[in-house]
Ligand SMILES: [Zn+2]
């Protein structure tokens, strides 16, 4: 699979929370996460950020390993507490898509008890993650449904979340992810015009040979994806790329 610009699209994993005590719909336990990263490592994969993955394609130029991008949506504090140390055990990196208007806040964009009321990363945690090499991407300012906003309001969320995060972290923010996976026809163009290099959708990888770099497909992972299925995904991906 390639982008319209001819860039190879590596496999992209898509997580939310990592916590010992959660609904399997919302994420994985630290033990599950560690087992999944172990499978990836044993299969010869290097877990990395979306930006690094898209720039380098098939293989990590330093380690020679196959690349898999690891991404997290929403920027939950458990990513810092549980996911980051496990990523470090394996020498892996990841991208975390954060909400620039909810830094240090809680998930309050839904009434669903599985998702509502969880603490989000604060500014020092985001700076530390960034300094460790993790990528902080934008997930808009307030987790809005971009398919329901006027063009002006959508542009505001897309443009200003980028500048807010760049101001906070002092590095360019190149990756974007659509809240609820929602967008309409003009939205990917707004994302590109705002200066992002990559947009991650929630669409699963298909057999389509070409995708937009603003709508990159991914493989969602939750606690409902048991280890044998993760293993078969990994082995199949190693073969098919
Ligand atoms: Zn989200």
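Considering the range 49-79, and only residues there that are part of a loop (DSSP other than H, G, I, E, B) and touching a residue at least 60 places away in the same chain (Cβ under 8 Å), the residue that is surrounded by the most Cβ atoms within 10 Å (Cβ to Cβ) turns out to be 75.
Within the range 173-232, the set of residues being closer than 30 Å to residue 22 by Cβ, in a strand (DSSP E or B) and more than 16 Å from the ligand (Cβ to nearest atom) comprises 198, 204, 217, 219.
Can you tell me which residues in the range 125-148 are over 24 Å from residue 90 (Cβ atoms) and surrounded by fewer than 14 Cβ atoms within 10 Å (Cβ to Cβ)? Step through it out loud before you land on a result.
Here is the first cut: in the range 125-148, the ones over 24 Å from residue 90 (Cβ atoms) are 138-148.
148 - this is the single residue of the range 125-148 that is over 24 Å from residue 90 (Cβ atoms) and surrounded by fewer than 14 Cβ atoms within 10 Å (Cβ to Cβ).
Restricting attention to the range 12-26, the residues that are under 15 Å from residue 202 (Cβ atoms) and crowded, with 17+ Cβ neighbours inside 10 Å add up to 6. Would you check if residue 46 is surrounded by fewer than 15 Cβ atoms within 10 Å (Cβ to Cβ), under 18 Å from residue 238 (Cα atoms) and at pLDDT 95 or above? For residue 46, the condition - surrounded by fewer than 15 Cβ atoms within 10 Å (Cβ to Cβ), under 18 Å from residue 238 (Cα atoms) and at pLDDT 95 or above - is not met. What number of residues within the range 194-232 are loosely packed, with under 12 Cβ neighbours inside 10 Å and under 30 Å from residue 164 (Cα atoms)? The number of residues fulfilling the criteria is 1.
Per-residue answers, yes or no, for (1) modelled with pLDDT of 95 or more; (2) within 16 Å of the ligand (Cβ to nearest atom); (3) within 19 Å of the chain's Cα centre (by Cα):
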position: 17; (1), (2), (3): yes, yes, yes
position: 30; (1), (2), (3): yes, no, yes
position: 37; (1), (2), (3): yes, no, yes
position: 42; (1), (2), (3): yes, no, no
position: 50; (1), (2), (3): yes, yes, yes
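List every residue pair whose Cβ atoms sit under 6 Å apart, with the two residues 6 or more apart in sequence or on different chains, where the first one lies in the range 81-99 and is closer than 16 Å to residue 120 by Cβ and the second, anywhere, is assigned to a helix (DSSP H, G or I) and within 16 Å of the ligand (Cβ to nearest atom). Correct list of pairs: 95/50; 96/79. Just checking, does the range 124-143 include any residue being under 13 Å from residue 101 (Cβ atoms), in contact (Cβ under 8 Å) with a residue 60 or more places away in the chain and more than 13 Å from the ligand (Cβ to nearest atom)? No, the range 124-143 has no match at all. Could you go through the range 53-68 and let me know if any residue there is within 16 Å of the ligand (Cβ to nearest atom) and in contact with a strand residue (DSSP E or B) (Cβ under 9 Å, 6 or more places away or on another chain). Checked against the condition, which is being within 16 Å of the ligand (Cβ to nearest atom) and in contact with a strand residue (DSSP E or B) (Cβ under 9 Å, 6 or more places away or on another chain), the range 53-68 yields no hits at all.
Against the criterion of being away from the ligand (no atom under 15 Å from the Cβ), within 16 Å of the chain's Cα centre (by Cα) and surrounded by 15 or more Cβ atoms within 10 Å (Cβ to Cβ), residue 120 does not qualify.
Only residues that are in contact with a helix residue (DSSP H, G or I) (Cβ under 9 Å, 6 or more places away or on another chain) and within 16 Å of the ligand (Cβ to nearest atom) were counted in the range 158-172, giving 2.
The values are calculated or read from the model by the stated rules, or taken from the named source; none is laboratory data. This is a predicted model, so every value here is computed, not measured. In this analysis, Cβ positions are derived from the backbone assuming ideal geometry, glycine residues included, and neighbour counts consider all displayed protein chains.
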